[in-house]
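Here the structure is laid out as structure tokens; the discussion comes afterwards.
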Amino acid sequence: MIMKIDSTEEQVSRVIKEIAKYGLRADVSRGEFRTVIGIVGDERKVPFDHFAVMPGVKEILKIDTPYKLISKEYGRVAEGAGGLRTGIQIGDRTLGNGEPLYIAGPCAVENKKQLFRIAEEIKKAGAHVLRGGIFKPRSSVHSFQGLGGINRKSAETALRWLSEAGREFGLPVVTEVRGEEHVDLAAEYADILQIGARNMYNQDLLAKVGRKNRPILLKRHFGAGIEEFLSFAEYIAAEGNKNIILCERGIVPIGKGKEYTRYTLDLAAVPAIQKETYLPIIVDPSHGTGRRDLVYNMSCAAMAAGANGLMVEVHYNPEEAIVDGRQTITPAELSELIKACDEISRMVKSRAEIAGQGSTK
Ligand code: PEP
Ligand code: MN
């Protein structure tokens, strides 16, 4: 609902109350110029004609996608009114403003020494954010589940190391929350909360992080289409948190016989998603390939596709990493990768901007 420029505060609150009366929720963007109100909830219940004639209402715009609050269209209206700032502040960088964001670190936090050494080395290599898994979503219950899998005390200790390493080297930190019970604890220590691919469909977990005042890094499920991916991101936005970083991390590979890559990195998803939403999208070439010898080229390709950043698994001795060593690169390799990706990003920046505009429809 787009309110009139001269609509009063009283008219705005009356509209919000009316929305609630119908069992719907209001997503209010109070702009410098006007207020824009998104309606959240069962579409069948929305009495469009009734709302349209309420005092102060200029017009109602129907957005025909299952994701609305994160859509390009909603972003354009709310941002145009001055009520929504796109771009996500991560430390001293604004993700989505054209400067790529590099997230790097071990797949799993193993011990304090490992984490601090990696943090120091990725910082020198030019990374901006430190990653480290503590609640690991392992395929086998007989594998190392991350320090969070031992007990609450060791989870908290690992989270404390993560936050200390981040502070020591000037790196905001991101870690995965695998269940609702992890969210409050992780949010005390981490700057960004990650939802792993396997949990992309977990509506209750999405809603829970949507109520946290932290940017959320949402990974695409390996079997999810783009519309589904965005529809589930909307569950976070619907709780009021639009600081969502989307992450393409590969989809299930096809074909019989030996698998040459762990997943198939869907790079066309990057510009396709940028046409649909104002949210930034980064690429994870580590899980996307499963092979450290492919990470450099696929990172370059991701930047050429217009990605807003990368998340790369790094360890000073990949062979020694307890989890995902095969797809892990060294800090020296990260440094080269960042140099190349910065250059590619500068070259394709204008095209990435074009990718965000226009329509294929
Ligand atoms: C990870 O980033 O550590 C991870 C487990 O990735 P995904 O959820 O994409 O498999
Ligand atoms: Mn991993």
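Full extension of the chain segment joining GLU73 with ARG326 gains 87.0 nm, where the gain is 0.36 nm per residue of separation less the Cα-Cα distance.
Exposure check, 1.4 Å probe, all protein chains in place: LYS112 carries approximately 90 Å² of accessible surface. With the cut-off at 1.5 for a/c, could you classify the stretch 209-334 from its C-alpha gyration tensor as rounded, prolate or oblate? Judged from the Cα gyration tensor, the stretch 209-334 comes out prolate (a/c at least 1.5, a/b above b/c).
Expressed as a whole percent, the accessible area of the chain that falls on carbon and sulfur atoms is 48 (1.4 Å probe).
Using the 1.4 Å probe convention, the accessible area of the stretch 2-80 works out to 57 Å² per residue with neighbouring protein chains retained.
Which shape class, rounded, prolate or oblate, goes with the stretch 2-80 when its Cα gyration tensor gives a ≥ b ≥ c as root eigenvalues, a/c under 1.5 marks rounded, and past that a/b bigger than b/c marks prolate?
Details: a/c = 1.71, a/b = 1.06, b/c = 1.62.
In terms of gyration-tensor shape, oblate.
Each residue of the stretch 85-90 was assigned a 3J(HN,Hα) from its phi angle through the Karplus curve 6.51 cos²θ - 1.76 cosθ + 1.60 (θ = phi - 60°); the sequence is 9, 7, x, 10, 6, 10 Hz, with glycine and proline shown as x. Per residue, the accessible area of the stretch 267-344 comes to 33 Å² when a 1.4 Å probe rolls over the protein heavy atoms. For the stretch 24-29, the Karplus equation 6.51 cos²θ - 1.76 cosθ + 1.60, evaluated at θ = phi - 60°, returns couplings of 10, 10, 9, 10, 9, 10 Hz by residue, with Gly and Pro reported as x.
For GLU79, the accessible area of its heavy atoms, probed at 1.4 Å with every protein chain present, is near 90 square angstrom. Once the Cα-Cα distance is subtracted from the 0.36 nm per residue extended length, the SER154 to GLU319 segment shows a gain of 57.0 nm.
Treating the beta-carbon of each Lys and Arg as +1 and of each Asp and Glu as -1, no other charges, what is the dipole magnitude of the stretch 100-356 about its Cα centre, to the nearest 20 debye? Could the numbers behind the result be given before it?
On the way: 33 positive and 32 negative charges, 40 e Å.
That gives the stretch 100-356 a dipole magnitude of about 200 debye.
Accessible area per residue for the stretch 100-194 is 40 Å², calculated with a 1.4 Å probe on protein heavy atoms, without ligands, DNA or RNA. Taken along the Cα-to-beta-carbon direction at a fixed 7 Å, the label points for GLU164 and ASP49 span 6.6 nm. Each peptide in 105-111, 168-174 receives the mean, over its residues, of other Cβ atoms within 10 Å, and ordering these scores from highest gives 105-111, 168-174.
Pairs over the 21 Å Cα-Cα cut-off, from the set LYS123/LYS208; LYS242/LYS339; LYS124/LYS242; LYS62/LYS208; LYS136/LYS219: LYS123/LYS208; LYS242/LYS339; LYS124/LYS242; LYS62/LYS208. The gain in end-to-end length when the GLU259 to ILE5 segment is fully stretched comes to 85.6 nm, 0.36 nm per residue minus the alpha carbon separation.
Listed by chain and number, the aspartates and glutamates placed with their C-alpha closer than 14 angstrom to that of LYS72 are ASP64, GLU227, GLU234, GLU276, GLU353; residues fewer than eight positions away on the same chain are left out. Close amide H partners of ARG131, meaning residues 5 or more places away or on another chain with modelled amide H under 5 Å apart, are ALA104, GLY105, VAL174.
Out of every Cα-Cα pair that the chain contains, those further apart than 40 angstrom amount to 16 percent. The simple spin-label model puts a point 7 Å past each Cα toward its Cβ; for LYS17 and GLU227 those points are separated by 3.9 nm. Rounded to the nearest 20, the size of the Cβ-charge dipole of the stretch 25-129 about its Cα centre is 240 debye, with Lys and Arg at +1 and Asp and Glu at -1.
The values are calculated or read from the model by the stated rules, or taken from the named source; none is laboratory data. Source: prediction; values computed, not measured. Reconstructed Cβ throughout: ideal geometry from the backbone, glycine too, with neighbour counts over all protein chains shown. Remember, those area values only see protein heavy atoms, side chains included, never the ligands or the DNA or RNA. Shrake-Rupley method; radii C 1.70, N 1.55, O 1.52, S 1.80 Å.
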